[in-house]
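To start, the structure under review is shown below, and the notes come after it.
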Amino acid sequence: MIQTRLASQDQKVKYSYGAYNRIKKDKQRIRITEGCPHNCPYCYEPTEIKIFDIPKIERNIVEISDMNLLCKKEAQSIIMKLGRIRVNSKVVYYELICGVDFRFLTQGIANSLKDNRFIRMRMAWDWTYKDVYKIKDALDKLVYAGYKPRNIQMFMIANWKITSKEYMMKLKTLLNWNIQVSDCWFDNQKKGKVEPRYWTKEEIKYVGDECRDHNIMCRHHGIQPEKAKS
């Protein structure tokens, strides 16, 4: 089911709700839960919690589009159930494309994610820098479970009420931890076509360029190869 809601600046943004199952070539994308208790002002996920049946898994790579799987009390049992599934006698690899919520991440869940082949781990740090210790604690849980820091990505909303200055504070801290960033732009805008909402065009360009350099350095052990050649 697709619904249209009004985002800021009176923009119409389409969001999909309900159970979802689609196969495209060698990948399958599913949604098996809905709802998040936080009701963040930049997010259109409903607060009502719903659990859907796991559809038949038909591919060995499955993308899970649930906005906040971990906030459901059934989360760990769902993760373990998915991990037992085989397709053509081969294991299945899963990806939480919306990431994990650090507020619900326990060491037991982190271990289950790794043990059940959840790859390309992501987390969101959308609010202020003051959450830094909670973010670090959650990252430590993922690393202890076996995820490598440079293979973890952090969602951080840009062009929103968190200032670009504070965004850069978070980015510099992530570089110290060797964590890449997925710069997601407010109002579901796409990089390269971002219109100012709470930031200026200059701030948008600066942060976008810095995020690109940041990820290159994370992948090259703190070195910016392009600039080293100049």
> Pick from N111, N60: which is under 19 Å from G146 (Cα atoms) and surrounded by 15 or more Cβ atoms within 10 Å (Cβ to Cβ)?
Replying inline: N111
> Any idea which of (1) at pLDDT below 95; (2) within 18 Å of the chain's Cα centre (by Cα); (3) of a type in the set (K, R) is the one K134 doesn't satisfy?
Replying inline: (1)
>> Conditions first: (1) crowded, with 19+ Cβ neighbours inside 10 Å; (2) within 14 Å of the chain's Cα centre (by Cα); (3) more than 24 Å from Q28 (Cβ to Cβ). R103 passes all but one, so which condition is the exception?
In response: (1)
>> Just to verify a result, which residue in the range 175-193, among those that are under 14 Å from the mean Cα position of the chain (by Cα) and in a strand (DSSP E or B), is farthest from C40 (Cα to Cα)?
In response: Q180
> If you go through the range 25-63 one residue at a time, how many are in a loop (DSSP other than H, G, I, E, B), over 18 Å from the mean Cα position of the chain (by Cα), over 22 Å from R86 (Cβ atoms) and not polar (S, T, N, Q)?
Replying inline: 2
> Do the conditions hold for I204, that is, is it within 18 Å of V132 (Cβ to Cβ), touching a residue at least 12 places away in the same chain (Cβ under 8 Å) and in contact with a strand residue (DSSP E or B) (Cβ under 9 Å, 6 or more places away or on another chain)?
Replying inline: no
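The values are calculated or read from the model by the stated rules, or taken from the named source; none is laboratory data. In this text the structure is predicted, and so the values were computed from the model without any measurement. Heads up, the Cβs are rebuilt from the backbone with ideal geometry, glycines too, and the neighbour counts pull from every protein chain shown.
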